[in-house]
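Here is the structure we will look at.
The values are calculated or read from the model by the stated rules, or taken from the named source; none is laboratory data. Since the structure is predicted, the reported quantities are computational estimates derived from the model, not experimental observations. So basically every Cβ, Gly included, is an ideal-geometry build from the backbone, and we count neighbours across all protein chains shown. Protein only, heavy atoms only, side chains kept; ligands, DNA and RNA dropped before computing areas. Shrake-Rupley method; radii C 1.70, N 1.55, O 1.52, S 1.80 Å.
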Protein chains: 2
Amino acid sequence: MSNTEKTRTTVDIYGQQYVILGTETQSHVRHVASLVDKKMREIGSRNPSLDVSKLAVLTALNAVNEFILMKEQVERLQSELQRKRTE
Amino acid sequence: MSNTEKTRTTVDIYGQQYVILGTETQSHVRHVASLVDKKMREIGSRNPSLDVSKLAVLTALNAVNEFILMKEQVERLQSELQRKRTE
């Protein structure tokens, strides 16, 4: 979709509704929201005493950690491709 | 560090302390926490009426979205490398 076109998507995460504005498709936003909801429920089931804000912060920590691991993998693959290009 | 060795790291995110248990180094955990704290402050400054739990959920959404984009990039790079290996 074009960069100027904004979508408005209502999602449900951990029993709370959120209206997400952005340039991503509604199906992408729903997919991301379902992953966040799933991760919050996983962490919540292991830590039933946590309140929602702590649970969401731990979910964000988890996601940022996975993002960093994936970014490191991108850097390794880019280096490997660079080596192959100059072989 | 070995897989069996657990670290206990206390971090401060958006004014709240969290004790994180895991196999990552303390310096890695602090780095991840600082990124979550920074992202919460960025989103919070643009949406000052949000409560902490909604802010944390939006931060988690943001992080999972960036993780997915990075994962897609890993898949593209892996395909490209695979093509190069069979050339």
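The table below gives the values:
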item	result
Cβ pairs under 9 Å, 6+ apart, first in region B:55-74 and at positive phi, second surrounded by 21 or more Cβ atoms within 10 Å (Cβ to Cβ) and in a helix (DSSP H, G or I)	none
Selection status of B:GLN17, assigned to a helix (DSSP H, G or I) and exposed (fewer than 14 other Cβ atoms within 10 Å of the Cβ)	no
Any hit, region A:43-61, residues being over 22 Å from B:ALA33 (Cβ atoms) and in a helix (DSSP H, G or I)	yes
Residues being in contact with a Leu (Cβ under 8 Å, 6 or more places away or on another chain) and either on the phi > 0 side of the Ramachandran plot or open to solvent by less than 50 Å² (accessible area, probe 1.4 Å) (or both) - total across region B:29-49	6
Region B:59-82, residues that are facing chain A (nearest Cβ under 7 Å) and closer than 20 Å to A:GLN26 by Cα	B:THR59, B:ALA60, B:LEU61, B:ALA63, B:VAL64, B:ASN65, B:GLU66, B:PHE67, B:ILE68, B:MET70, B:LYS71
